[in-house]
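Visitor: Before we start, here is the structure in question, set down as structure tokens.
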Ligand code: GLN
């Protein structure tokens, strides 16, 4: 699969930036709004936006069930911010009745950084990706409260009041980040995802059995 077709869920949120980033990384990137479009992609990116709205639109557009089925069947997916919330099996501080697509065996807390630090920027190192730490932009972001043994923690906040909180994870070919890599021009997360789509997940087991922030 030298040029995979990667969809960007285009119901709400910052779709155009992700389409561009994926194209630069060598994928064919297409917006996905309908079940027939989902059926045609090799992988899906779920962008930031508002997870409660995207949840409602997924159900209204008849995409929730097909998306759950594709993910259960092994389709790679990457979720940023609201997309991370949507890929979580369980959430905290969701709206009443809020559903997720699920797929990653983790608990994610919505708007976790609180009102004081609604949006902020921090440096975040992702050892698996390597190179210089990321300049990570968080916008009313979630964090990961806890993960199961099957989930690899890719990054944590390094300093400040939220130090130690998990902000990037991978389970198989499902990846999620609390931050928005599409706004900084640093395309290493998109490159990492495109390489997972091309090559599949590395077989190395995560280091620790249970990891709680
Ligand atoms: N707070 C938003 C939510 O709950 C996520 C914000 C974002 O995606 N930038 O969905």
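Visitor: If the viscosity is 1.306 mPa s and the temperature 10 °C, what Stokes-Einstein diffusion coefficient in µm²/s follows for the chain when Rh is the Kirkwood radius over Cα pairs?
Guide: In µm²/s, the coefficient is 95.
Visitor: Normalised radius of gyration for the range 97-182, please: alpha carbon Rg relative to 2.2 N^0.38 Å, two decimal places.
Guide: Dividing the Cα Rg of the range 97-182 by 2.2 N^0.38 Å gives 1.05.
Visitor: Between the range 39-115 and the range 9-29, how many Å separate their Cα centres?
Guide: 17
Visitor: Please give the contour-minus-distance gain from residue 23 to residue 59: 0.36 nm per residue of separation, less the Cα-Cα distance, rounded to one decimal in nm.
Guide: Full extension of this stretch gives 10.2 nm more.
Visitor: Once the cut-off is 20 Å, how many percent of the Cα-Cα pairs in the range 13-71 end up in the long-distance tail?
Guide: 25
Visitor: Let me ask something additional. How many nm separate the modelled label positions at residue 95 and residue 118, each set 7 Å beyond the Cα in the direction of the Cβ?
Guide: 1.8
Visitor: Moving on. Before rounding to the nearest 500, sum -39500 (n - 2.57) across all DSSP H runs of length at least 4 in the chain and divide by the residue total; then give [θ] at 222 nm in deg cm²/dmol.
Guide: Counting only the DSSP helices, I get -7000 deg cm²/dmol.
Visitor: Now a separate question. Could you check how many percent of all C-alpha pairs in the range 56-101 are farther apart than 18 Å?
Guide: The calculated P(r) of the range 56-101 puts 26 percent of pairs beyond 18 Å.
Visitor: Looking only at 199, 50, 23, which one moves most when the chain is put into a Gaussian network model with springs between Cα atoms under 10 Å?
Guide: Checking each option, the largest mean-square fluctuation is seen for 199.
Visitor: The range 1-43: percent of C-alpha pairs farther apart than 12 Å?
Guide: Roughly 53 percent, once rounded to a whole number.
Visitor: Can you tell me which of 12, 171, 65 moves the most in a GNM of the chain? Springs connect C-alpha atoms under 10 Å apart.
Guide: Taking springs between Cα atoms under 10 Å, the residue moving most is 65.
Visitor: Please arrange 106, 84 by how many other C-beta atoms lie within 10 Å of their C-beta, fewest to most.
Guide: 106, 84
Visitor: Which residue, 159, 148, 195, tops the fluctuation ranking in a GNM of the chain built on C-alpha contacts under 10 Å?
Guide: 159
Only the coordinates and a few stated rules stand behind these numbers; no lab work does. Quantities reported herein were computed from a predicted structural model and do not represent experimental measurements. When we count neighbours, we look across all protein chains shown, and the Cβ atoms used for this are built from the backbone with ideal geometry, even at glycine.
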